[in-house]
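Below you'll find the structure, written out as structure tokens, and then a few comments.
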Amino acid sequence: MKRPVRLRVVLLTAVGWLVALAFILPYLQMFLTSLKPERELTKSPGGYLPTHWKWSNFADVWDAAPIWTNIRVSLTVAAAATLVTLACALPAAYYTARNRFRGAARSCCWCW
């Protein structure tokens with residue numbers, strides 16, 4: 001009687017690992033591609049692993065693109081969006097917590 005439970009656990013674990021692998025593989029491929037030199041990126045057919053690992057790509061991108069400017073703009077937009085959301089959500093949350101209205105959740109189902 002214990003055997004089907006073990007088989008189910010093994011199958012669910014295997015499916016879980018396959019799903020996790022399906023989500024992780026694109027990020028692994030992206031990371032490995034970032035370590036390739038430019039001549040390997042344009043080579044056809046390309047390989048999965050770089051033949052020459054170019055770790056300096058991470059430092060070179062800071063010089064080639066205005067990343068600090070892009071990060072500053074992204075943080076500014078995120079902060080502004082957060083403030084606008086809080087300005088709208090806080091009064092709504094206060095009203096919802098303090099006032100009774102139709103459709104509000106109750107602590108018990110027989111209160112109505």
Exercise. Inside region 44-60, can you point out the residues that are over 13 Å from residue 33 (Cα atoms) and exposed (fewer than 10 other Cβ atoms within 10 Å of the Cβ)?
Worked result: 44, 45, 59
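Here are some residues: 32, 11. Which one is in contact with a Phe, Trp or Tyr (Cβ under 7 Å, 6 or more places away or on another chain) and in a helix (DSSP H, G or I)?
Going through 32, 11 in turn, just one is in contact with a Phe, Trp or Tyr (Cβ under 7 Å, 6 or more places away or on another chain) and in a helix (DSSP H, G or I): 32.
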For this session: Filter region 3-43 down to residues that are among the β-branched types (Val, Ile, Thr) and under 24 Å from residue 55 (Cβ atoms) and give me whichever is surrounded by the most Cβ atoms within 10 Å (Cβ to Cβ).
Result: 33
Problem set entry | Residues that are among the polar types (S, T, N, Q), at pLDDT below 95 and either touching a strand residue (DSSP E or B) at 6+ places or on another chain (Cβ under 7 Å) or open to solvent by less than 80 Å² (accessible area, probe 1.4 Å) (or both), drawn from region 61-95 | 69
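The values are calculated or read from the model by the stated rules, or taken from the named source; none is laboratory data. The model shown is predicted, which means the values in this text are computed figures rather than measured ones. Counting neighbours? That spans all protein chains shown, and the Cβs are built from the backbone with ideal geometry, glycine included. Just the protein is used for accessible areas: all its heavy atoms, side chains included, with ligands, DNA and RNA removed. Shrake-Rupley method; radii C 1.70, N 1.55, O 1.52, S 1.80 Å.
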